[in-house]
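Structure first, commentary second.
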Amino acid sequence: LAKTTQPISMDSYEGQEVNITCSHNNIATNDYITWYQQFPSQGPRFIIQGYKTKVTNEVASLFIPADRKSSTLSLPRVSLSDTAVYYCLVGSYTGRRALTFGSGTRLQVQP
Amino acid sequence: NAGVMQNPRHLVRRRGQEARLRCSPMKGHSHVYWYRQLPEEGLKFMVYLQKENIIDESGMPKERFSAEFPKEGPSILRIQQVVRGDSAAYFCASSPPYTSGGDNSYNEQFFGPGTRLTVL
């Protein structure tokens with residue numbers, strides 16, 4: 001499984017755009033990039049998934065450069081309720097279906 | 001449409017007792033996964049089950065831990081003779097059946113609220 005590296009923590013203010021970058025230098029051809037969000041005392045929640053270029057949904061955007069060795073989760077105009085831990089996961093999901101979580105990025109949004 | 005349910009939400013056990021954690025997957029989901037999370041760490045995979053079958057238990061300790069997902073009823077994670085190191089949050093996730101020929105890239109798992117086990 002490709003190892004992922006992401007910042008341990010980030011701070012932001014309400015209304016700002018937040019970009020969290022994840023490095024995955026050993027990503028395989030069949031691997032997809034998935035981001036999960038976890039609030040305190042809750043289970044993780046799927047945010048977005050992509051393979052290449054850009055993916056956007058109602059919650060976030062995911063930017064993946066051509067070499068796919070990194071990806072950036074973009075949260076537009078964050079609010080206090082976006083304070084959470086964000087996990088970047090890489091895997092093909094066609095074989096072993098277990099998700100591999102790293103330590104994640106702890107985002108703290110200030111008023 | 002109810003999400004993944006886990007109970008109890010909090011469980012306190014003394015060393016040497018047994019802990020039973022229950023997970024009811026989302027309606028229509030036949031795949032269940034158990035994960036363990038220590039404070040300030042990410043989730044660690046333990047076991048993956050389908051109805052009446054253990055598919056992957058590579059992350060589960062070989063002693064004292066067992067899991068089942070019977071034909072009827074919830075999935076159960078059982079920890080015998082608990083020790084203080086078993087104190088953690090245990091999360092269950094479920095996913096729909098894997099469809100051959102479909103979008104094989106998509107593997108969203110839906111997580112429950114977790115059971116927080118405290119061993120005294």
In terms of modelled amide H atoms, which long-range or inter-chain residues lie less than 5 Å from the amide H of A:Ile48? A:Trp35
Of the candidates A:Asn25, B:Leu77, A:Ile64, the farthest towards the positive dipole end of the protein assembly as shown (Lys/Arg Cβ +1, Asp/Glu Cβ -1, centred on the Cα centre) is B:Leu77
Listed residues B:Ser87, B:Ser58, B:Ser75; largest mean-square fluctuation, Gaussian network over chain B with Cα springs below 10 Å, found at B:Ser58
Over the Cα atoms, compute the radius of gyration (one decimal) and Dmax (the largest Cα-Cα distance, rounded to a whole number) for the range B:1-60, in Å. 13.2, 38
Mind pulling the per residue volume of the convex hull built on the Cα atoms of chain B? Å³ is fine. 110 Å³
The simple spin-label model distance between B:Val12 and A:Thr21, using points 7 Å out along Cα→Cβ, in nm, is 4.7 nm
Reachable lysines from B:Lys44, criterion Cα separation under 20 angstrom, eight or more residues apart if same chain: A:Lys3, B:Lys62
Chains B and A: accessible area buried, summed over both chains, 1.4 Å probe, nearest 100 Å², reads 1900 Å²
Please work out how much length the chain gains when fully extended from A:Asp11 to A:Arg77, using 0.36 nm per residue of separation minus the C-alpha to C-alpha distance, in nm with one decimal. 22.4 nm
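The values are calculated or read from the model by the stated rules, or taken from the named source; none is laboratory data. This one's a predicted model, so the numbers in the text were calculated from it and none came from an experiment. Neighbour counts run over all protein chains shown; Cβ positions are idealised from the backbone, glycine included. Only protein heavy atoms, including side chains, enter the accessible area calculation; ligands, DNA and RNA are left aside. Shrake-Rupley method; radii C 1.70, N 1.55, O 1.52, S 1.80 Å.
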